[in-house]
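Every number in this text was worked out from the coordinates using simple rules, so none of it is lab data. Keep in mind the model is a prediction, meaning the values are calculated, not measured. We place every Cβ from the backbone using ideal geometry, glycine too, and count neighbours over all the protein chains shown.
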Amino acid sequence: MFETINETVLTALVERLAQSLLKLLLPRLEALLKVRPRWLSIDSAGTYIDKTYEGMRHTLREHERELPIVYIGGKPRVDIQDIDRLCMNLKMRN
């Protein structure tokens, strides 16, 4: 009889723990599964490296070889990999 009660209590505790963990971890797992865009708008590229739109336009002009603008559907886009590469190169220079 006590074994049945203990098993019921243990099952309830495990279920409650599992629900709590799922509530905490599910948003993090969903964020990991989202597709990250590779081609960013100028505004998004600026946000990615903490610059305003105008600041990003200046950076694009200053580093036009390293950060070429590609027009996709008539809209200017910047490759996130180019941004990462430029930042790493600038980091290595300092």
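As a ratio to 2.2 N^0.38 Å, the alpha-carbon radius of gyration for the chain is 1.96.
With helices as the sole contributors, the chain gives -22000 deg cm²/dmol at 222 nm; each DSSP H run of n ≥ 4 counts as -39500 (n - 2.57), and the sum is divided by every residue. Separation of segment 5-50 and segment 63-80, taken as the distance between their Cα centroids, equals 32 angstrom.
Below 24 Å Cα-Cα, how many Lys pairs turn up in the chain? Only count pairs eight or more apart in sequence, or on different chains, if you could. Here the count comes out as 5. The trypsin sites (Lys or Arg not before Pro) found in segment 35-79 that occupy coil by DSSP, while having at most 15 further C-beta atoms within 10 Å, are 38, 65. You can think of it this way: the chain between residue 26 and residue 70 has 12.3 nm of extra reach, that is 0.36 nm per residue less the Cα-Cα gap.
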